[in-house]
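First the structure, in the form of structure tokens, and then the observations on it.
The values are calculated or read from the model by the stated rules, or taken from the named source; none is laboratory data. Since the structure is predicted, the reported quantities are computational estimates derived from the model, not experimental observations. As a convention, Cβ positions derive from the backbone with ideal geometry for all residues, glycine included, and neighbour counts pool all protein chains shown. Please note that ligands, DNA and RNA were not included when accessible areas were found on the heavy atoms of the full protein model with its side chains. Shrake-Rupley method; radii C 1.70, N 1.55, O 1.52, S 1.80 Å.
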Amino acid sequence: MELTVKLKEVLNERGMSQLELAEKTGLTRTVISELATNRRTAVNREHITKVIQALEITDMNEIFEVK
């Protein structure tokens, strides 16, 4: 099993760029890019919390997927 972050899809649905999300969360563009492309081997809870709050996500299934 593998946990994936569906950030790229969520950003597309909301019409938001990675840069806009980086500015809104205070995270670096690199962190956002790595999350969006699933290049991170570990998920930082603080980073995910900021992303979820910025995107107003209420259902974890919207951002995470287990394959």
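What the table shows:
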| read-out | value |
| --- | --- |
| Loop-located GluC sites (Glu not before Pro) in the chain whose Cβ has at most 11 other Cβ within 10 Å (DSSP) | Glu2, Glu56 |
| Where the chain is the region considered: accessible area per residue in Å², 1.4 Å probe | 68 |
| Carbon plus sulfur fraction of accessible area for the stretch 12-67, probe 1.4 Å, in percent | 45 |
| Under 12 Å, Cβ to Cβ, from Asn44 - net charge with Lys/Arg +1 and Asp/Glu -1 | +1 |
| Sequence-separation-based contact order of the chain, relative, with Cα cut under 8 Å and 6+ spacing, percent | 56 |
